[in-house]
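This report refers to the structure that appears directly beneath it.
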Amino acid sequence: MSEATYGSAFFRSWLERTAAAVDEQADRLTELDSAIGDADHGANLKRGFTAVAADLGTDTTATPGALLTAAGRRLISTVGGASGPLYGTLLRRTGKALGEAPEVSRKELAEALATGVAAVAQLGGAQVGDKTMLDALVPAAEALGTSFEAAREAAEAGALATVPLQARKGRASYLGERSIGHQDPGATSAALLITALAEAAV
Ligand code: ADP
Ligand code: MG
């Protein structure tokens with residue numbers, strides 16, 4: 001088995017691909033949020049990741065940890081809503097966990113991502129099954145220990161699995177049983193983030 005490592009070019013590619021996917025899927029995310037929320041999730045994330053991509057500029061010297069930490073801070077300052085602090089915390093804490101290493105292995109990234117996901121769970125007080133982004137992020141971080149492709153599959157399966165759930169956190173929880181039968185917008189965008197990660201690795 002080769003011990004591939006991933007440096008700043010890979011992390012820039014991940015963030016750029018995420019920004020492109022969010023831009024392309026913004027209407028769909030907003031449509032999902034209009035069913036069980038307030039119809040702003042696509043616009044929120046598009047604003048945030050457009051700013052993150054603009055920050056990337058041409059500086060190729062930042063470490064993976066620094067790139068993710070800066071992206072997380074940018075999301076916190078631009079996105080607003082529930083998802084801004086949550087996604088911001090995810091990237092900031094994942095970046096912090098990567099430290100200052102110029103290159104990281106997939107397993108190191110999996111561990112760092114698990115740290116970031118745990119920080120999201122702590123901040124939002126949610127767990128798997130509450131019909132939130134965690135339903136995609138928790139299984140994805142775990143599956144990343146196996147492969148990038150396994151992480152992508154786990155995130156997509158996790159997002160789909162939110163359809164029959166009743167929301168217990170966030171705005172969608174105000175709907176009670178009426179939240180059942182709709183895919184969670186945040187779990188859907190989380191699957192875009194992890195899909196972009198898997199595509200950056202190809
Ligand atoms: P808002 O709900 O403030 O309008 P967004 O529409 O941008 O924010 O994001 C909604 C998404 O945020 C939800 O679909 C859900 O996945 C996620 N979310 C909301 N509350 C929580 C929470 N407490 N923990 C984890 N994720 C949450
Ligand atoms: Mg919303």
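The values are calculated or read from the model by the stated rules, or taken from the named source; none is laboratory data. Bear in mind the structure is a predicted one, so any value in this text is a computation, not a measurement. In this analysis, Cβ positions are derived from the backbone assuming ideal geometry, glycine residues included, and neighbour counts consider all displayed protein chains. These area figures cover heavy atoms from the full protein model, side chains too; ligands, DNA and RNA do not enter into them. Shrake-Rupley method; radii C 1.70, N 1.55, O 1.52, S 1.80 Å.
Overview of results
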quantity: Rounded tilt (10° steps) of 64-78 against the dominant C-alpha axis of the chain; calculated: 30
quantity: The range 128-145 versus the range 3-66: alpha-carbon centroid distance in Å; calculated: 18
quantity: The chain: calculated mean residue ellipticity at 222 nm from DSSP helix runs of at least 4, using -39500 (n - 2.57); calculated: -22500 deg cm²/dmol
quantity: Highest to lowest packing among 149-159, 181-191, scored as the average C-beta count within 10 Å; calculated: 181-191, 149-159
quantity: Average accessible surface area per residue within the chain, 1.4 Å rolling probe, Å²; calculated: 45
quantity: Carbon and sulfur %, accessible surface of the chain computed with the full protein complex present, 1.4 Å; calculated: 51
quantity: Bins of 10 Å from zero: percent of alpha-carbon pairs in the chain; calculated: 10, 39, 37, 12, 2
quantity: Reachable lysines, given that their alpha-carbon falls under 25 Å from the alpha-carbon of Lys96 and they are not under 8 places away in the same chain; calculated: Lys46, Lys107
quantity: Spatially proximal aspartates and glutamates relative to Lys131 (Cα-Cα < 14 Å; intrachain offsets below 8 disregarded); calculated: Asp33, Glu156, Glu177, Asp184
